Amino acid sequence: MSALLEVRGLTVAYGAIEAVRDISFVVETGQIVCLIGANGAGKTTTLRTISGLLRPRAGDILFDGQSIANQPAHAILGAGVAHCPEGRRLFARMTVEENLLLGAYTRTDDGVTTDVQRVYDLFPVLGERRHNKAGLFSGGEQQMLAIGRAMMSRPRLLMLDEPSMGLSPIMTQKIFDTLADLKAQGTTILLVEQNALAALALCDRGYVVDLGRTTLEGPGHELLADHRVRAAYLGEG
Amino acid sequence: MITKLVAGKPGLARPLSIVGGVLLIVGALLPWATFQLNIMPYPALSTLQFFDAPFGVPGFRLHVMLLGVAVIAVAFAPAAIRGRTTKALGWGALAIAVVNAAYLIVEGGGFGTITSAHGAFAFGAVVSAVAAVMAIVAGSAYPAAPPVTWDLKLAKPLEWLVLVLAYAALLKVVADTLTAGGRGGAANPYAGAVFLSFVAFLFGVFGGLNGTGLLRWVSAVAERHRAFSAVVLLACAFVLPFTEAGTEQWIYTATNIGVFAATAIGLNIVVGLAGLLDLGYVAFMGIGAFVAANLSGAASASLGVDLPFVLVLVIAAIVAGVFGAIVGSPTLRVRGDYLAIVTLAFGEIFFKAAQNNIAGATGGSNAIPGIPPLDFLGTPGDAAITVFGAELAGGVLYYLLAVVIVALVMVLFANLKSSRIGRAWIAVREDEDAARAMGVKTGKIKVLAFLVGAAIAGVAGAVLVHRLTTASYESFTFLESVTLLSAVILGGMGSIPGAVVGASLLFVLPEKLREFSDYRLMLFGLALVLIMRFRPQGLIPDKVRRAELAGETAEGGSLKEAEERAVAEQERADDERLGRTGVTEGRS
Amino acid sequence: MVTLLQQLVNGIVLGGLLAFITLGYTMVYGIIQLINFAHGEVFMVGSYAALATYLWALPSGIQSTWYLALPIVILAGAAFSVLVAVIMERFAYRPLRNAPRLAPLITALGISVFLQEAVRNFFPDGTRPKAFPEVFPEGQLTFLGVTVPASGLLLVVMAIILTGALQLYVNTSKLGRAMRATAQDPDTARLMGINPDRVIVLTFILGAALAGVGGVLYGVHYDNINITIGFQNGIFAFTAAVLGGIGSLRGAVVGAFCIGLIKTLAGQYMPGGTAYDYVWIFVILILVLVFRPQGFFGETERVRA
């Protein structure tokens, strides 16, 4: 298998404070990789840097072998990296359909309509209310829309930041099932989660991020069994 | 771009700066114009008098030479000060070279003037400019060092002596700046060039001194002896009429500067301290002016009363202050940009009302002329007086009044700034919501800023109108508000010396650059744009304020970083909030 | 009664004119939260560019044929306004994108002064008001004693058509969608692959094109132009934008017509007459800001305002 995304020694700083220090990890094509860690560990900052919203201070980000560090956000999306941000960040005053079309903003092919329909098939509730404003939907529905919107650019790598945030356990399960489906369809996923249990159960490979660097890594089920992980993140021990 | 070539090659810096310094001296000694001087009467090739002086190295060429010597000297100074100082000296020299070269080209008829023509060679300007660029490049090639601070404490009398010398030097600089080049106009087309190149020299020198840390040290000394330095400064201001700047014309200019500097400091309270953009500020000055005009026995004023001047000042301040509070009252509800529009609207309403002679109080298009001169203990304000056997020019009493007012306003500003109220203003400026959360009554405090600022402008307006003897609505246009705002911004928001320097420059330059008077406002506009782009913190930034506008924090770090730090903290806070839910779900 | 009707007509014409300017203010504010003081001057330079085109670029045959001259001068005015706006966005505002908010505001002020003074200095005899050429037939409609000048009708019809077209473009086109997305949430818009610089330039272009057309039609209708028309009408237009709810296109148009009517009616019926008509506009502005800062159609709470 080949590495789709490779983060090498990435350091991101806000002034004197380094939120991410020399972090390195690899996302192989077709895998789900998750970053877990405590609050303030630098996970969100890492994703925002990969997608070009922040500038790295040091290190490199390789996507499909090409460096995308220091490229503008729109170019990175164009290269095939979609970022479904923390808190969903839908365009609340626009309709479901407009949100999806914005997700396909960079595409010029004529498959957009088909893809919109595919999202509606996947999440029928969105299709039924496609002309409603996105801000009127429930948290879970909004998360579906956010994922659907990110998928509209037909990304090769989908990055999700806390998709289970604020959702009920049932809705969380539904979102995670969706991610498994997306993987089955061939999408590579980089997942950032506080919900370590669900995330590690789902992923092929996990990284534990602490204070801006990776401290542990391994296949998801191994990490799940690791006593340190269980002690730190699953409230055991 | 060139600086990139040498960046990180500190070994090149010293040789380069020495060569630059030597070339500056050479450039100063070379001829600067290809034609001979004083061979025929004006306006032909004879008027370049500022080339003509003792030793063949007059005015600006002497300055270039001095800067060159300084550049060489700095190359052997302690490493920490080399970079900044050399750069500042270089910029000063470059500005002198460019200003004079531009004037020579325009007045002398083309590029031949500063290269070769009529069989003569004159590469002084070119050589100096190249040398100056070398100095700048060398300055940036020196390894970066943090700003130098001197940890030097002397005995009290010695420190007092330092202050006296420093302020005496300042007085000399002010007098020289005022008179440099004389008054501009058709009869004196080089006033602008002489003045600008003198100012460029000063910038080079002050920038250089700042680089050595001397200025910081002197201001620290002044800070240690605040009362003493205030007295010396005031004394210097009173001595100005005895210097070469003591002619009626320059005293008049200095008076205007004083009045507008006081107004600018008032505006600085509103904009610089409280962070409320006021685009109609000159209206308060106008209100003060018309109040004073009506109460001071002008024949054409409809009221026809003649009150003592001190009382007039108080009434002008109160009336303007009340209007200030009224204009400020929407600030209770309105924020930021919208407030700017409200104040702009108020300024326009005032202008319209004054233009239409509202309530017969402004004279409309006839204005209120014939305001009698002020009476200073029996001496009319516009009379010449004799002090200690020295004949002082007419209007000097107004000048002294302006000095007193500026001094009082400065004291008021400084006290307010370090008071509870001042801190509340700064808090409101930095973050209104946070300020409110800390218990600051933001509404009251903002209205108070408007009130105080307006009252100061009212006083300044009352003084101005006596000096002008006519109160006309035309003196109080939107563009005057813009000019005052420019003075505050140019000098540095929230900074007292900044406001004074800003007002001085904006009111002296038009005197010197009369041939450009048509372009004055256009250049203002351009200057505002350029300042915001390249030096938003102004010439003499306030230490705290620098953080906000300059992309530089008080400690000298980059603003962008500070901003990102704030974002990081926000993110951490978010994570924390989310973290809790995450952990609970993990447990379940 | 006739006076009232006549003033209503005048107010609507003025409102149509202001609509051309207001939209630019509101769009730019909506997307980068900048009160672009210089926008009024963009309107003014459009007017002068049209005048210059007519005087020095059109052969006399075309000058006298209004249906050729009018579209040409409108296009020239709009094109020049767009050029000026693009230059100022690129070189003055863009470098300040991350600066504190006071910086671009003061820059806008500087540009405004600069443009006015540049026209005064560099347009031949620019200090004096200029007669605008006849590029539209004089005629007028009269009914019930009310006069509706043909140029006024043209102005209002053009305003309705162009503002409608703009609404349609912003609400349905892909770039329009990108504009709205950037206004709502610039960071997320970037994650959608939207290049914010392009969208912001587009916003300036659309606003400036409308302002330029408005500037030309101002000359056509009022026959005279001077360097202060931009500043004055700019302030009115900004007030209209606030009244309508800044950021809202619909609000901008409604606000523009309201302000037009308020000005003419106040000039007729309020004490002080036309000398104080614009005082009333500012009184309205202040009242709106104090009691309903979001205007007619604005969002109740702007997240980033």
*Before anything else, pin down the relative contact order of the stretch A:3-67: Cα pairs under 8 Å, at least 6 apart, normalised by residue count, whole percent.*
47
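For the protein assembly as shown, what is the calculated [θ] at 222 nm in deg cm²/dmol (nearest 500), taking -39500 (n - 2.57) for each run of four or more DSSP H residues and dividing by its residue count? All intermediate terms of the calculation are to be shown ahead of the outcome.
Values: 44 runs with 686 residues, N = 1130.
So the helix-based figure for the protein assembly as shown works out to -20000 deg cm²/dmol.
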*Could you quote the convex hull projected area for the stretch C:2-291, Cα atoms only and averaged over all directions, in nm²?*
16.0
_Could you give me D for the protein assembly as shown, from Stokes-Einstein at 25 °C and 0.890 mPa s, where the hydrodynamic radius is the Kirkwood radius over C-alpha pairs? Units µm² s⁻¹, please._
74
*Run a plain Debye calculation on the stretch B:169-299 (Cα atoms as equal point scatterers, no solvent) and give log10 I(q)/I(0) at q = 0.18 Å⁻¹, rounded to two decimals, same order as the q list.*
-1.29
*Length released on extending from B:Q249 to B:F376, taking residue separation times 0.36 nm less the Cα-Cα span*: 43.7 nm
*Estimated vicinal HN-Hα couplings, Hz - the stretch B:73-88 in sequence order (Karplus 6.51, -1.76, 1.60; Gly, Pro = x)*: 4, 5, 4, 10, 7, x, 4, 4, 9, 4, x, 4, 5, 4, 4, 4
*For the stretch B:246-477: rounded, prolate or oblate by the Cα gyration tensor [a/c cutoff 1.5]*: oblate
*Please report, in debye to the nearest 20, how large the charge dipole of chain A is about its Cα centre when each Lys and Arg carries +1 at its beta carbon and each Asp and Glu carries -1 there.*
540
_Order these by the 10 Å Cβ neighbour count, fewest first: A:D109, B:D382._
A:D109, B:D382
*Can you tell me the Rg and the Dmax, both Å, for the Cα atoms in chain A?*
17.3, 55
*Express the C-alpha Rg of the stretch B:445-500 as a ratio against the empirical globular expectation 2.2 N^0.38 Å, rounded to two decimals.*
1.26
_Taking a ≥ b ≥ c as the square roots of the Cα gyration tensor eigenvalues, with a/c under 1.5 meaning rounded and otherwise prolate when a/b beats b/c, else oblate, which class fits the stretch B:332-371?_
prolate
*Along Cα→Cβ, 7 Å out, is where each label goes; now give me the distance between the ones at C:Q232 and A:A180 in nm to one decimal.*
7.3
*Build a GNM of chain C with springs between Cα atoms under 10 Å: which of C:A50, C:A252, C:A183 gets the top mean-square fluctuation?*
C:A183
*asked:* Given a Förster distance of 45 Å, report the FRET efficiency between B:T477 and B:V69 from their Cβ-Cβ distance, rounded to the nearest 0.05.
replied: 0.45
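Any chance you could run the full-extension gain for C:S173 through C:L141? It's 0.36 nm times the residue separation minus the Cα-Cα distance, nm to one decimal.
7.7 nm
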*Where nothing but the Cβ of Lys and Arg (+1) and of Asp and Glu (-1) is charged, how large is the charge dipole of the protein assembly as shown around its Cα centre, in debye to the nearest 20?*
940
*Unpaired by the 4.7 Å Cβ criterion, cysteines found in the protein assembly as shown*: A:C84, B:C236, C:C258
_Given R₀ = 30 Å, what would the calculated FRET efficiency be for C:D223 paired with C:W56, taking r from the Cβ atoms and rounding to 0.05?_
0.95
_Percentage, to the nearest whole number, of Cα pairs in the stretch B:247-385 over 26 Å apart_ = 32
*Rg/Rh for the stretch A:89-154, where both radii come from Cα atoms and Rh is the Kirkwood radius*: 0.93
*What is the order of A:C34, A:C203, B:C236, fewest Cβ neighbours within 10 Å to most?*
B:C236, A:C203, A:C34
*asked:* Cα atoms only: what Rg and Dmax, in Å, come out for the stretch C:5-110?
replied: 17.0, 53
*So how far apart, in nm, are the two label points at A:D210 and C:R250 if each is 7 Å from Cα heading toward Cβ?*
5.5
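Values quoted throughout were computed directly from the atomic coordinates according to the rules given, and no laboratory measurement underlies them. Note that the structure is a prediction, hence the values are computed from the model and not measured. Every residue, glycine as well, gets a Cβ built from its backbone with ideal geometry; the counts of neighbours run over all protein chains shown.
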